[in-house]
Structures are given as structure tokens and as C-alpha cells.
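Undergrad: Quick one: structure below, then a few questions.
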Amino acid sequence: MNALVKSATIVDPKSDFHNKTVDILIEKGVITNISKRISNPKNYKEIKLDNLHVSQGWFDSSVSFGEPGFEERETIENGLKTAAYSGFTSVAVNSNTNPVIDSNADISFLKSKAEKHATSLYPIGALTRHGQGKDLAELFDMKNAGAVAFYDYQHPVENPNLMKLALQYASNFDGLVCSFPQESRISGLGVMNENVTSTSLGLKGNPALAEELQVARDLFLLEYTEGKLHIPTISTAKSVALIKAAKQKKLDVTCSVALHNLIFTDKELTTFNTNFKVLPPLRSQSDIDALIEGLKDGTIDMVTSDHNPIDIEDKKIEFDYAKYGTIGLESAFGALNSVFTIKKAVELLTKGKERFGIESFPIVVGNKANLSLFNPNENYMFSREHILSRSKNSIFDNKELKGMAYGIIANNKIILSK
């Protein structure tokens, strides 16, 4: 693949051309020249786009596609295309499938299905067999097959001894253990944040305490085992405080937050729109403020779309019975860029790679072209026409966003929406 990217503003602090508008020459998938103006004598494909900005390729640490088993929700092929058009050069894919991804063969299946795509797929294997929380899965074998972490997606490990054993065992091969932050015996049948809103709506509440107890427990276990822990999608102010204290103690812990938990409060649920039924649930404005501050000071390490396609049969039903989840890849940049500066948004979309063992490629001559292309200043109303996923359950439907992805250049391929 050969291409000449014209008049692109580079957003990459690791590049000598950070904040500069330049041309970028790419030959056979490698950056061979970066300069103010580059001629095109070999008649390579030229990429010229309005207000074009380029950064290192974006990474999403929590994506679900459905295949195998839930292809009606999303396939790997269409999911990776959606990720590419949304600006992501790499995604970590959950074991949210049927059967659950919990073996060497399952990891190999995912990787083989993702071959030859512009967006790279990094499998997350289940932490326990069949994701049932009773016995550890084949962690070492999955690691050797290419799993980048181990996680029972949105299913908490209730047995503290099992979590202790997971942290101890995985530390022998530098495995990353993920633990969903919810104590299910406290959350019970709660379907939204326990607050005055849940009381007024007559819906069962899921208290912040359920998350915070689990976070505190896992941090105690981490300190005891000296393992390596990632806590995905935290949602409360107290969780931020607990993780901040753990980092001050030099524990090997990272965490993420789902983008919708930075934007929406539980007040959105007054319309009983099931697209707003997510897990962890939407919390209060004070929680959002704490989460944003946690991202600014580095307590929270990364953001995720927590992309989870759910078919209409499981969403357009009574609120209590609707499944949790929202798609988020297509709206991710526009949502994040609405909250933070361009520089901070790009930082949050790229910094999670190291934790998951994924190589980064600064925008310098000689490196592989692994680029996200975007316009940070385009304001628009997100609607169904922007949805590329097979499922349409978007929490951002009819919401004003700022910034739109053009696509990516990665794996010797160009994927552009325009």
C-alpha cells in the first residue's frame, strides 16, 4: 500500500512533527517521509480531507462482537470494519460469546477470523471456565495462543480465593487479570443506579456500594498476591479514590471508564429508554465529575467504548428484562472529544496499549503506518445513519457530538469513510 497524506496536522507528542501540519508519505505500509510539502511523482493515492488530523492508532480495551454464537448481534468481519471506520487500529475483544472464549483453540479461532483486516483484534480470554466463576480457565495456554488479558465480561468473580489464585497464577507468565467491579450479592436485581431517580421510577437500584466493595476486595487481594490487575469500567467517585490510594502504594493496577459513564447521569432513565440500560449503571453528576478528574490526574488509565451490540429483541422490551449494553465505537471519538481537549482525547485513546502488551508506532520516518485520521472540529447530531454495527442500540442516538473519525491507515491498508 502506497499513499500520500496531504496537509495533516499531527497529534503525537512522540513525533518531532507534533502540532505541525505536514504531508506524510507512506510506501509499502511504512512512513518514508514527513515534510511540509511532498510531491507525488509516482502518482500514489492522495488523501486530502477537511481539517485532517492524524495520530497514532487508537485502541479500545473492551469491545464485544458476538461471534461465535451471537452473529445476529455482530460478526467479527463487520465489527472490525466498524472499528476501522471509527478510527480504531486495534481492539481488545471480550469473551462475550457462545461458547465463551476460554481455550487455546478459541483464541486461535478469533485470531484467524481477524486476519487480513486493517484493524487488529486482540483476544481477551475468559478468566474462568465457561465464564461461570468456578474454576480457572486455561490461562497459560490462551496466553501462548495470543490472549492479551483474562476477563469474565461483566460477570464478577464472587469467590475471593479464586481471584487470589488467578492473580498468583497469572503472575508467573505476566498475565493481566481483569475483574468486573460489582459485588452481585449487593447489587441484587438492581437495574439502575440506586438513587432518588430509581425510587421515583419504581426501579430496583444497584448501589455504588456494590462496585466499591468489589474494588476494595480486589485491591486487598492484589496487594497480598503482588499480581497484575486491571479493573474495567469503574463508575463511582469512591472507586476512583480507592484506586488512587492503591497506586500511591505502588500496586500494579490499572482501570478504565466507559465513555457513556462520563456523559450521562441516571436522570436519562426517566424515559425508560433501554439504550440507557448499561452495566455498570449510569451514576450521578458527582460521580461523573470524579471520573473526569481521575482521567485528568492519571488515576484512570484509559477510556473504552465498552461496545456491546444487542439485538432489538433483547432491547425493545420492558426495562427490567432488557439486556445491558450499548454500541459505542462509532460515537467514541465524538463523545470523548466533547469532554476533553484534542490532545487529551487522543492520549486517552492510545495510552492503554502498553498495559495490554500492544506495540505503539509513533509517527516518525521508518515506523509502520499505524494511524487514526479524524476531524476534531466537526459538530453533528449522532443518528442511526452513523451506525455501522449490525445492532443499533446506541446510547448516543440523537446526541450532539464534536469530532468525527475519517478512518485508519494500518496493516498496509487504507480504510476511509470519505
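The values are calculated or read from the model by the stated rules, or taken from the named source; none is laboratory data. Because the structure is a prediction, the values reported are computed rather than measured. Virtual Cβ from ideal backbone geometry, glycine too; neighbours counted across all protein chains shown. The area values use the complete protein model at the heavy-atom level, side chains included, leaving out ligands, DNA and RNA. Shrake-Rupley method; radii C 1.70, N 1.55, O 1.52, S 1.80 Å.
Undergrad: Below 20 Å, Cα to Cα, which aspartates and glutamates can residue 351 reach? Residues fewer than 8 away in the same chain don't count.
TA: 12, 16, 60, 174, 252, 293, 297, 301, 306, 330, 359
Undergrad: Measure off, as a whole percent, the carbon and sulfur share of the 1.4 Å-probe accessible area of the stretch 1-82, all protein chains present.
TA: Percent of accessible area from carbon and sulfur atoms in the stretch 1-82: 44.
Undergrad: Identify, among 87, 114, 56, the residue whose Cα sits farthest towards the positive end of the charge dipole of the stretch 33-121, taking +1 on the Cβ of Lys and Arg and -1 on the Cβ of Asp and Glu, with the dipole about the Cα centre.
TA: Of the candidates, 56 comes out farthest on the positive side.
Undergrad: Over the chain, what is the relative contact order in percent, taking alpha-carbon pairs closer than 8 angstrom and at least six residues apart?
TA: Computed over the chain, the figure is 19 percent.
Undergrad: A further question on this structure: Before rounding to the nearest 500, sum -39500 (n - 2.57) across all DSSP H runs of length at least 4 in the chain and divide by the residue total; then give [θ] at 222 nm in deg cm²/dmol.
TA: Computed mean residue ellipticity for the chain: -7500 deg cm²/dmol.
Undergrad: Tell me the angle of helix 208-225 to the major Cα principal axis of the chain, expressed in degrees between 0 and 90 and rounded to the nearest ten.
TA: 80 degrees
Undergrad: A further question follows. Sorted by packing (mean other beta-carbon atoms within 10 Å per residue), highest first, where do 192-205, 90-103 land?
TA: 90-103, 192-205
Undergrad: May I pose another question? Once both labels are modelled 7 Å past Cα along the beta-carbon direction, what's the residue 36-residue 293 spacing in nm?
TA: Once both label points are built, they end up 4.6 nm from each other.
Undergrad: Right, here's the next one. Once Rg and Dmax of the Cα atoms in Å is worked out from the coordinates, which option in (i) 20.8, 68; (ii) 23.4, 77; (iii) 34.4, 134 does it equal?
TA: Computed from the coordinates, Rg and Dmax of the Cα atoms in Å corresponds to (i).
Undergrad: Among residues other than residue 126 whose Cβ falls under 9 Å from its Cβ, what is the net charge (Lys/Arg +1, Asp/Glu -1)?
TA: Net local charge, residue 126 excluded: -2.
Undergrad: Mind checking the full-extension length gain between residue 72 and residue 245? Use 0.36 nm per residue of separation minus the Cα-Cα distance, one decimal, nm.
TA: 58.0 nm
Undergrad: In what order, largest first, do 303, 364 sit by accessible area if the probe radius is 1.4 Å?
TA: Putting 303, 364 in descending order of accessible area: 364, 303.
Undergrad: Still on this structure, I have one more. Before anything else, pin down the relative contact order of the stretch 275-365: Cα pairs under 8 Å, at least 6 apart, normalised by residue count, whole percent.
TA: Relative contact order of the stretch 275-365: 30 percent.
Undergrad: Another question, then. If you look for lysine pairs in the stretch 189-273 that are eight or more places apart or on different chains, how many of them have Cα atoms under 15 Å apart?
TA: The result is 5.
Undergrad: With a 1.4 Å probe and every protein chain left in place, work out the accessible area per residue of the stretch 225-383 in Å², rounded to a whole number.
TA: With all protein chains present, the stretch 225-383 gives 36 Å² per residue.
Undergrad: Ok, one more. Specify which residue in the list 405, 75, 130 is farthest towards the positive end of the charge dipole of the chain, using unit charges on the beta carbon of Lys, Arg (+1) and Asp, Glu (-1), about the Cα centre.
TA: Checking the options against the dipole of the chain, the answer is 405.
Undergrad: Here is a follow-up. So what's the gap between the Cα centers of the stretch 319-368 and the stretch 197-223, to the nearest angstrom?
TA: Their Cα centres are 26 Å away from one another.
Undergrad: In degrees between 0 and 90, to the nearest 10, how far off the longest principal axis of the chain does helix 237-248 point, with axes built from Cα atoms?
TA: Helix 237-248 and the main axis of the chain meet at about 70 degrees.
Undergrad: If you roll a 1.4 Å probe over the heavy atoms of the protein chains, what accessible area per residue do you get for the stretch 1-106, in Å²?
TA: 40 Å²
Undergrad: Round to a whole number: what % of the accessible area of the stretch 266-418 belongs to carbon and sulfur, probe 1.4 Å?
TA: 47 percent
Undergrad: For the chain, take the longest principal axis of its alpha carbons; what is the angle in degrees between that and the long axis of helix 76-85, to the nearest 10 within 0 to 90?
TA: Taking the Cα atoms of the chain, the angle to 76-85 is about 60 degrees.
Undergrad: Moving on. Would you work out the charge dipole size for the stretch 121-244 about its Cα centre, treating the Cβ of every Lys and Arg as +1 and the Cβ of every Asp and Glu as -1, and quote it to the nearest 20 debye?
TA: 160 debye
Undergrad: Return a whole-number percent for the relative contact order of the stretch 89-173, with Cα pairs under 8 Å and 6 or more residues apart as the contact set.
TA: Relative contact order comes out at 31 percent.
Undergrad: What size of dipole, in debye to the nearest 20, comes out for the chain about its Cα centre when the only charges are +1 on Lys and Arg C-beta atoms and -1 on Asp and Glu C-beta atoms?
TA: 1260 debye
Undergrad: Among 231, 328, 310, which residue has its Cα furthest toward the positive end of the charge dipole of the stretch 222-338, with +1 on Lys/Arg Cβ and -1 on Asp/Glu Cβ?
TA: 231
Undergrad: State the percent of C-alpha pairs, over all pairs in the stretch 285-376, separated by a distance greater than 19 angstrom.
TA: The proportion of pairs with Cα distances above 19 Å equals 56 percent.
Undergrad: If packing is taken as the average count of other Cβ atoms within 10 Å, what order do 310-317, 160-167 fall into, highest mean first?
TA: 160-167, 310-317
Undergrad: Can you tell me the dipole magnitude for the stretch 58-181 around its Cα centre, using point charges on the Cβ only (Lys, Arg +1; Asp, Glu -1), in Debye to the nearest 20?
TA: The dipole of the stretch 58-181 has a size of about 180 debye.
Undergrad: Same structure again: How many lysine pairs are close in the stretch 42-177, with Cα atoms under 16 Å apart and the two 8 or more places apart or on different chains?
TA: Value for the stretch 42-177: 5.
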